[in-house]
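All remarks here apply to the structure that follows.
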Amino acid sequence: MSIQLNEESGGKVLVVHVSGKLAKADYEHFVPEFERLVREHGKLRILFDMTGFHGWEAGALWEDIKFDVKHFADIERLAMVGETKWESGMASFCKVFTKATIRYFDHSEAARARKWLEEA
């Protein structure tokens, strides 16, 4: 599994691509980088690309919940890009864990997701 991070729009947009199955160790890289960007830019807009994502290992799920609680108000917009029905459902499920405006996009609509994130 891996998490790949790319900053765009001067650091205000963070592209997070997850693939395979998330492990606890993946959060050891992701969380400090996310927190650095929040310190530098304030609330972020995130493109969360789940193409090829297969869920979480048990320890990673706990890390994800801790992240969600700690950073409840640090995300302004969250564009979730996926390719399966459960990923679409996950976008609705995530709404209780953040103040962010969340929209789901099929992977064929990735360009639309980026455009939505960059709107004023």
For residue 56, only one of the following conditions fails: (1) over 13 Å from the mean Cα position of the chain (by Cα); (2) crowded, with 16+ Cβ neighbours inside 10 Å; (3) of a type outside the set (Gly, Ala, Ser); (4) within 24 Å of residue 120 (Cβ to Cβ). What is its number? (4)
Qualifying residues in segment 1-19 (those that are of a type outside the set (A, V, I, L, M), in a strand (DSSP E or B) and modelled with pLDDT under 90) - the one farthest from residue 63 (Cα to Cα): 8
Test for residue 29: is it part of a strand (DSSP E or B) and either over 12 Å from the mean Cα position of the chain (by Cα) or at pLDDT below 90 (or both): no
Condition first: over 12 Å from the mean Cα position of the chain (by Cα), modelled with pLDDT under 85, under 30 Å from residue 120 (Cβ atoms) and among the basic types (Lys, Arg). Can you find one or more residues in segment 36-43 that meet it? no
Would you pick out the residues in segment 67-85 that are surrounded by fewer than 17 Cβ atoms within 10 Å (Cβ to Cβ) and β-branched (Val, Ile, Thr)? 69, 84
Which pairs do you get when a residue that is in contact (Cβ under 8 Å) with a residue 60 or more places away in the chain and assigned to a strand (DSSP E or B), found in segment 33-48, comes within reach of a residue that is hydroxyl-bearing (Ser, Thr, Tyr) and surrounded by fewer than 16 Cβ atoms within 10 Å (Cβ to Cβ), reach meaning Cβ atoms under 9 angstrom, with the pair 6+ apart or on two chains? 45/9
List, please: which pairs have Cβ atoms under 6 Å, are six or more places apart or on different chains, and start with a residue in segment 60-81 that is without any contact (Cβ under 8 Å) to a residue 24 or more places away in the chain and end with one that is charged (D, E, K, R) and part of a helix (DSSP H, G or I)? none
Please verify whether segment 10-27 includes one or more residues that are in contact (Cβ under 8 Å) with a residue 60 or more places away in the chain and surrounded by 14 or more Cβ atoms within 10 Å (Cβ to Cβ). yes
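The values are calculated or read from the model by the stated rules, or taken from the named source; none is laboratory data. Just so it is clear, the model here is predicted, and its values are computed rather than measured. Counting neighbours? That spans all protein chains shown, and the Cβs are built from the backbone with ideal geometry, glycine included.
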